[in-house]
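The values are calculated or read from the model by the stated rules, or taken from the named source; none is laboratory data. Fair warning: this is a prediction, and the values are worked out from it, not measured in the lab. Here the Cβ is made from the backbone with ideal geometry for all residues, glycine too, and neighbour counts use every protein chain on show.
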There are 2 protein chains.
Amino acid sequence: MFEQLGLIGCGLMGGSFALAAKKAGLVQRVVGYSKSPTTTDRARQLGVIDVEAPSALLAVSGADIVLLAVPVAATEATLKAIKHLVTPQMLIMDVGSTKADVVQAAQRALRDRVGSFVPAHPITGREVSGVEHADDSLYSGRQVILTPTEHTLLVQLQKAEDVWVALGCRVTSMLPEAHDMAFAAVSHLPHVLAFAMMNSITGQSDGDDFLSLAGPGFRDFTRIAAGDPKMWRDILLSNREELIAQSRLFRQALHAIEQAMEKGDAQALEDMLTLASKTRTHWRMGVQRGAKPR
Amino acid sequence: MFEQLGLIGCGLMGGSFALAAKKAGLVQRVVGYSKSPTTTDRARQLGVIDVEAPSALLAVSGADIVLLAVPVAATEATLKAIKHLVTPQMLIMDVGSTKADVVQAAQRALRDRVGSFVPAHPITGREVSGVEHADDSLYSGRQVILTPTEHTLLVQLQKAEDVWVALGCRVTSMLPEAHDMAFAAVSHLPHVLAFAMMNSITGQSDGDDFLSLAGPGFRDFTRIAAGDPKMWRDILLSNREELIAQSRLFRQALHAIEQAMEKGDAQALEDMLTLASKTRTHWRMGVQRGAKPR
């Protein structure tokens, strides 16, 4: 399907994409670049990439598909660096967790060449990062959200969809703003709460004792707090408006539960817990009740 | 080790204990009682108990070990119902998630016979409930907190410890109040946050759409929100003072993260996320750095 993948960013997300694309027979050759030469070197040693590129631009040279797997805040600079080699025949995607900022960055960086860029957000991740954890099944069975704009070339959008489907993903399209609102609610805020939970406990003098008693519920609840701090710093800053709006709604829901506790209103409390428990019990990951598939 | 287990409450926790105790050769026979006759019947059909008792008192008759696996709010009434058959030779334990209220309830209900009662909290659970999910490995490898008082008979405390060790648990003793403070932080508050998270999303007009996009991070973060509403209503009410104190500390930690976001203070934000991420990455379930083993 493609001759050469230009991979910019050889971490968990990028490395896993390269492995999965090769396994699926989507690409012949992977040319990779990472900001840290050690990472690029390691990626080649691990067989994640075939050839090391000394710059983002050189990773793109000769590629018919390009994946940007860099922190969202680095999107604009990276696209600027490769702009001169971008052609309408080339499919360029990112894997960032925020989309409105990425779309704007792409517009600014690529200008009349932005049609080749299809913003993508595969809904997957691990609490670990780095090319050592690259896994050819990371994307398998996951949802991928594409957020094309009116500038996106239809041919590239179609190719993007085919790529993710070939990796075993279900593909949905959304507006960038709708994407960011939804992910503030179901991903970014949960991360903020998990980070805050850890800091709240470690800030207490008995925090270490508390942590030594925590069980499987705590383990799963806080798993996402182990996420990469720099990556999440960028995501939280980039989507802060939606995130703060979601946090306000969350605080109201929390306050309602606390009020019932303080008043000793067992019935009101039970009603709220029942609603939450029922919703969570019936929820299944990736089952689309609301979002319209393309 | 024991002749007969009197099991009061044949749900997930009680049923799993019966299965595990039999498998470990700790008990010869299990006589079970549940408030709902259907549950007791089902427990017998599934081989979780050997004999159905028509009342809590009759489940205790002839037992040398008794396990109360009922909602914490039902502890006092249940202990009152069995009081007349409690002897100093009998080991009685509960499995409740709060301990100060359970200790007080036992004191009120059992009075001069309270020495047989060893309050216990095995740190385990599932997001499902009911005897159908009883599992002989539910307790294996978990921590169990015992919160004896000055009235507890040492011989029963030692037996309690032996029982849990035989089921593959690590046993720790704490004061009931210290237990409740720690579990407000690492269990009860995370549950409240997960419940509030679900309700915050379903309260929004686009909530269903948001949920259809949620991924594995959300799945793990909210797993505990599927907990049994009545059970958690009782736990939250019973431990509400510690819980509200923990919630206040949590809100401060959340506010600090939000302030850094609002100010666009990337360094402060990164520092807070780094602290949380490091703490969570190094945390291992059940590794006791602070709590003193008996």
Residues (of a type in the set (Asp, Glu) and closer than 22 Å to B:LEU213 by Cα) located in region A:137-175: A:GLU161, A:ASP162
Residue list for region B:139-176, filter: part of a helix (DSSP H, G or I) and over 15 Å from the mean Cα position of the chain (by Cα): B:LEU154, B:VAL155, B:GLN156, B:LEU157, B:GLN158, B:LYS159, B:ALA160, B:GLU161, B:ASP162, B:VAL163, B:VAL165, B:ALA166
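Okay, residues lined up against (1) of a type in the set (Gly, Ala, Ser); (2) surrounded by fewer than 24 Cβ atoms within 10 Å (Cβ to Cβ):
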position: B:CYS10; (1), (2): no, no
position: B:ALA53; (1), (2): yes, yes
position: B:ALA56; (1), (2): yes, no
position: B:ILE82; (1), (2): no, no
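Condition check ((1) within 26 Å of B:GLN104 (Cα to Cα); (2) at pLDDT 95 or above) across all residues:
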| site | (1), (2) |
| --- | --- |
| B:GLY130 | no, no |
| B:SER137 | no, yes |
| B:THR152 | yes, yes |
| B:PRO176 | yes, yes |
Complete set of residues in region A:230-279 that are closer than 30 Å to B:PRO71 by Cα, among the acidic types (Asp, Glu) and buried (at least 16 other Cβ atoms within 10 Å of the Cβ): A:GLU258, A:GLU270
Residue within region B:92-102 that is farther than 19 Å from B:ASP162 by Cβ, hydroxyl-bearing (Ser, Thr, Tyr), buried (at least 20 other Cβ atoms within 10 Å of the Cβ) and not assigned by TED's automatic domain parsing to the domain that holds B:LEU189 present: yes
Cβ pairs under 9 Å, 6+ apart, first in region A:124-141 and at positive phi and within 12 Å of chain B (Cβ to nearest Cβ), second of a type in the set (A, V, I, L, M) and assigned to a helix (DSSP H, G or I): A:GLY125/A:LEU12; A:GLY125/A:MET13; A:GLY125/A:ILE224
Residue count, region B:147-164 (criterion: in contact (Cβ under 8 Å) with a residue 40 or more places away in the chain, in contact with a Ser or Thr (Cβ under 8 Å, 6 or more places away or on another chain) and not hydroxyl-bearing (Ser, Thr, Tyr)): 2
Residue within region A:177-186 that is under 27 Å from A:GLU76 (Cα atoms) and part of a loop (DSSP other than H, G, I, E, B) present: no
Members of region A:199-225 that are under 23 Å from B:GLU270 (Cβ atoms), within 7 Å of chain B (Cβ to nearest Cβ) and either in a helix (DSSP H, G or I) or under 31 Å from the mean Cα position of the chain (by Cα) (or both): A:ASN199, A:SER200, A:ILE201, A:THR202, A:GLY203, A:LEU211, A:PHE221, A:THR222, A:ARG223, A:ILE224, A:ALA225
Hits in region A:206-232 (condition: touching a Leu at 6+ places or on another chain (Cβ under 6 Å) and free of Cβ contacts under 8 Å to residues at least 24 places away in the same chain): A:PRO229
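Restricting attention to strands (runs of 3 or more DSSP E) lying wholly within region B:1-103, give those where 3 or more residues are acidic (Asp, Glu).
none
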Residue list for region A:109-138, restricted to those being hydrophobic (A, V, I, L, M, F, W, C), in a loop (DSSP other than H, G, I, E, B) and farther than 20 Å from B:ASP220 by Cβ: A:ALA134
